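Asks: Got a structure for you, written out below as structure tokens; questions coming shortly.
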Amino acid sequence: MMAEMAVAVPLVLAGEQGMFHFPSAAEVRTQPISRAGNEAGWPFSVDNGVLACVWSGGQRIVMFFEARPDGFAEDQPFKPRSVIVTTDPMQLTLGNMVHRDLFRPSASVEERIRLVAPFASLGQRLCDQPAGAHVGYGEL
């Protein structure tokens, strides 16, 4: 019992979550992002979406969710695709296999990492915000 408390106390004091914590919607930090007209380094295949910081496996994970497409009726159900935004080549490739088409085509994993790196950094700054924060365009 004391060993568990010794491990848990620093995590609680630091505001971190354990390995088996499942986040609620109130804990997710979000920021809408969109491609600037002349932006050459945009890594995604869609022009706008939401960057989010969520907990998974005891660590903060940055994800990109596509926005509802223009012309898509509000009364129609919409399940956005999402990808993990990271510079870890394993997570970037294997972790995103299901929705890899949400990334624009790239010649190599190295190129994709180069394109994604600024957004991974932005996402980590988003993770530093209080739980449930909704940050506006360009605030980070």
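Asks: How far is it, in nm, from the label point at ASN48 to the one at ALA107 when both lie 7 Å from their Cα along the line to the Cβ?
Replies: 3.2 nm
Asks: Then there is this: Using only Cα positions of segment 59-112, each an equal point scatterer, no hydration layer, compute I(q)/I(0) via Debye at q = 0.13, 0.24, 0.26, 0.29 Å⁻¹ and quote the log10 values to two decimals.
Replies: -0.39, -0.96, -1.06, -1.22
Asks: From the Cα gyration tensor of segment 17-108, with a ≥ b ≥ c the square roots of its eigenvalues, which class applies: rounded if a/c is under 1.5, or else prolate if a/b is larger than b/c, or else oblate?
Replies: It comes out oblate by the Cα gyration axes.
Asks: Sorting check: for 41-51, 66-76, 123-133, which peptide has the highest mean count of neighbouring beta carbons within 10 Å, and how do the rest follow?
Replies: Final packing ranking: 41-51, 123-133, 66-76.
Asks: Just to be sure I understand the model, the point goes 7 Å from the Cα along the line to the Cβ. What's the resulting MET90 to GLN59 distance in nm?
Replies: 0.9 nm
Asks: Which order do PHE78, PHE103 take when ranked by solvent-accessible area (1.4 Å probe, heavy atoms of all protein chains), largest first?
Replies: Most to least solvent-accessible, the answer reads PHE78, PHE103.
The values are calculated or read from the model by the stated rules, or taken from the named source; none is laboratory data. Every value quoted in this text rests on a predicted model; they were computed, and no experiment measured them. Methodologically, a virtual Cβ is constructed for each residue, glycine included, from the backbone with ideal geometry; neighbour enumeration extends over all protein chains shown. Ligands, DNA and RNA are excluded from the accessible area calculation, which covers all protein heavy atoms including side chains. Shrake-Rupley method; radii C 1.70, N 1.55, O 1.52, S 1.80 Å.
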